[in-house]
Amino acid sequence: MEVRAKKFLGQHFLKDENIARQIAESLTGITPHVLEIGPGMGVLTKYLYNMPDIDFHAIEIDRESVSYLHQHYPSLHVIEGDFLALDPGTLFSEPFAVIGNFPYNISSQILFKVFDNRSRVPELVGMFQKEVAERVAAKPGSKTYGILSVLLSAYYDIEYLFTVPEHVFNPPPKVKSAVIRLRRNSITTLECDENLFVKVVKIGFNQRRKTLRNALRQLNMPLDNVPDRLLSLRAEQLSVDDFITLTKSLS
Ligand code: SAH
């Protein structure tokens, strides 16, 4: 019996085998340790868990999907649980890649969690709502450029791989989807206080119509050493390097 799609879990099952294989094959193999989030009925999973030398785990919150997977893929390691509550250290002692046709209701939270674990996640391949994928891959100056674009591109090379239409899902979502790939760049630590960097980016974009001079007031830190050029801009006009320069000049 197939799993009945539950809206509150963001379940839209992919029906197109070619797209499923393309997503699975977008992993570059940089690490043999792989975590799939939300396997559902296993459309991606079956292309992954039998790959040679793969150390594969999946986490799925939906009990009905988990029992479907146990029945159809008895040798698969699937945990029943919430990825957002997972301590990845309990599964992997080595760096691991993250893959999935993700539950769209928690897209940003998944991306923030990957960001927090950036030293352990060298690669992510995943399907998101097209709009989220575009935001992640956005460049400075564009309307969709935002917190996740800056934070993630500070540490990852981001590629927009391909767009996926609504009708290849059951049930079809209301929006198009897209697959992106994030690969960790060579930067281990930014040349600035990284916690302050995150704070500056968030404050800047949370008041994205204000210039940084005004937005950053709430930091309560002296802005005297910050180049005027940066203070007179809005967050969406700054590159990652600009944000690093700005953060350095604050501390
Ligand atoms: N990968 C499957 C299912 C995609 S739908 C496919 O492509 O067909 C998203 C899946 O994520 C669902 O199976 C849903 O139950 C699961 N899910 C939702 N929230 C989750 C969470 N917090 N942690 C783990 N899995 C979750």
Exercise. Evaluate the following for residue 111: is it within 15 Å of the ligand (Cβ to nearest atom), assigned to a helix (DSSP H, G or I), in contact (Cβ under 8 Å) with a residue 40 or more places away in the chain and surrounded by 13 or more Cβ atoms within 10 Å (Cβ to Cβ)?
Key: yes
Practice problem: Pick out the one residue from 133, 138 that is aliphatic (A, V, I, L, M) and closer than 22 Å to residue 28 by Cβ. | Solution: 133
Exercise. Name every residue in the range 125-151 that is within 18 Å of residue 163 (Cβ to Cβ) and of a type in the set (A, V, I, L, M), in order of residue number.
Key: 125, 127, 132, 133, 136, 137, 138
Self-check item: Flag for residue 26 being more than 23 Å from residue 157 (Cα to Cα) and of a type in the set (S, T, N, Q)
Solution: no
Quiz item: Counting only residues that are within 9 Å of the ligand (Cβ to nearest atom) and part of a loop (DSSP other than H, G, I, E, B), which one in the range 43-58 is surrounded by the most Cβ atoms within 10 Å (Cβ to Cβ)?
Solution: 44
Practice problem: Quick one: residue 131 ticks every box in (1) surrounded by fewer than 18 Cβ atoms within 10 Å (Cβ to Cβ); (2) farther than 25 Å from residue 5 by Cβ; (3) away from the ligand (no atom under 16 Å from the Cβ); (4) among the acidic types (Asp, Glu) except a single one, so which number is it? | Solution: (2)
Practice problem: Working only within the range 24-42, note down all residues that are within 13 Å of the ligand (Cβ to nearest atom) and either touching a Gly at 6+ places or on another chain (Cβ under 8 Å) or in a strand (DSSP E or B) (or both). | Solution: 35, 36, 37, 38, 39
Quiz item: Can you pull out the residues in the range 59-75 that are more than 13 Å from the ligand (Cβ to nearest atom) and either touching a helix residue (DSSP H, G or I) at 6+ places or on another chain (Cβ under 6 Å) or free of Cβ contacts under 8 Å to residues at least 12 places away in the same chain (or both)?
Solution: 70, 71, 74
Exercise. Considering only the range 81-107, state which residues are loosely packed, with under 15 Cβ neighbours inside 10 Å and part of a helix (DSSP H, G or I).
Key: 84, 85, 89, 90, 105
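Since every read-out is calculated from the coordinates, none of them should be taken as a lab result. This is a predicted model, so every value here is computed, not measured. Heads up, the Cβs are rebuilt from the backbone with ideal geometry, glycines too, and the neighbour counts pull from every protein chain shown.
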